[in-house]
Ligand SMILES: *Cc1c(COP(=O)(O)O)cnc(C)c1O
């Protein structure tokens, strides 16, 4: 349930989204004005929020050999990638499409790591030609294929093996990736043999080790546990004569969607570095692949109330954003706070906030207390990550526009799709 928000100036966990004079703002820009200018649904991102999130990681890793690779599947809009590339980030990519996005914004290829369980030969070739810094390998079969592709291209592929530490990240099953039953990585017990095999393949050069145990992790314990398992492996791999130059701890740090209290990135890294130092690995090159925690709480989605539909069991608040724009509730039953841009003083009513798509899974929030009327504008909060990048055109709905706010300024970073855009490639 939403707390009553009309008197609440600050939204916890979102320092760059706040009410001022009864109006919801992102930084110093009134969201209602952006909706009037660009229409709804509309994604709005705060540049300051993204940079503040990045700075927390940079502070946490200050003085260490490190590289922050933004996992761009969280939000791959070019302006956001450019912002992060200019701030020194590398990128974690999972497709050749993402590779091209990174190169388009001027990312240094050496700062790109290529993750994913299903890299095609074509994608491997493209990434080798581009000169990516590391392939994060997820299976023995992939190791053999990459070796063959690299030799065909006359290259040596820098590789890391993604190990599955069998740690419970205590998150939603669909976004938990470090357990034995997951499709990701090579089991901890098999990792040494995989490294020994990699070391014999002339098309590969072992450079590191990586893990990624899941997403929306709100505790430090799973990270510490994964770190211990990975460091145990580094010890045994190096004892076998294979040097590990970097250790990549993946991403996964959670954000405050609904009162969760994940550790701050700098506090988490203070704890992890303590452990790393204690075990004598403090001078290794450290890599991380944060996605959600860099952009999630920097974004809101503005939507307009179309209809109120009272019912015997449920009241529905029907808005113009839907599961195609904001897929997380339909996909994971995820919670996003929903607040009015201009709160009314009327008594709130409990609604399910739903979109117009012809699916019962098309809901954005359940049992929300809202004082709203048709035509009112709402903000769906914490939609900077895994929202626009997961959006679709289901129901022939053009995807929303995106705006980046910087202080008192705002800039359109993606135009709203037209219906013609949607069938541009179709052949009637
Ligand atoms: C998705 C993903 C990430 C980023 O996860 P977040 O939860 O968004 O931080 C990092 N590494 C890999 C391999 C991933 O698949």
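Laboratory data are not the source of any read-out in this text; all were calculated from the coordinates shown. Note that the structure is a prediction, hence the values are computed from the model and not measured. Here Cβ is always computed from backbone atoms with ideal geometry, including for glycine, and neighbour counts include all displayed protein chains.
Observations, loosely collected:
- Taken as a whole, region 378-390 holds no residue that is over 26 Å from the mean Cα position of the chain (by Cα) and in a loop (DSSP other than H, G, I, E, B).
- Residues of region 258-299 classified as in contact with a strand residue (DSSP E or B) (Cβ under 6 Å, 6 or more places away or on another chain), more than 15 Å from the ligand (Cβ to nearest atom) and under 22 Å from residue 87 (Cα atoms), total: 1
- Residue satisfying all of: in region 101-118; in a helix (DSSP H, G or I) and either within 12 Å of the ligand (Cβ to nearest atom) or touching a residue at least 24 places away in the same chain (Cβ under 8 Å) (or both); farthest from residue 162 (Cα to Cα) among these: 104
- Taken as a whole, region 222-242 holds no residue that is within 20 Å of residue 16 (Cα to Cα), in contact with a helix residue (DSSP H, G or I) (Cβ under 8 Å, 6 or more places away or on another chain) and not in a helix (DSSP H, G or I).
Each row is one residue, and each column tells you yes or no for (1) within 16 Å of the ligand (Cβ to nearest atom); (2) over 19 Å from residue 67 (Cα atoms).
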position	(1), (2)
188	no, yes
197	no, yes
200	no, yes
212	yes, no
218	yes, yes
228	no, yes
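- Of the residues making up region 244-257, those that are assigned to a loop (DSSP other than H, G, I, E, B) and more than 12 Å from the ligand (Cβ to nearest atom) are 244, 245, 256, 257.
- Residue count for region 65-100, restricted to those that are touching a strand residue (DSSP E or B) at 6+ places or on another chain (Cβ under 7 Å), part of a loop (DSSP other than H, G, I, E, B) and more than 14 Å from the ligand (Cβ to nearest atom): 2
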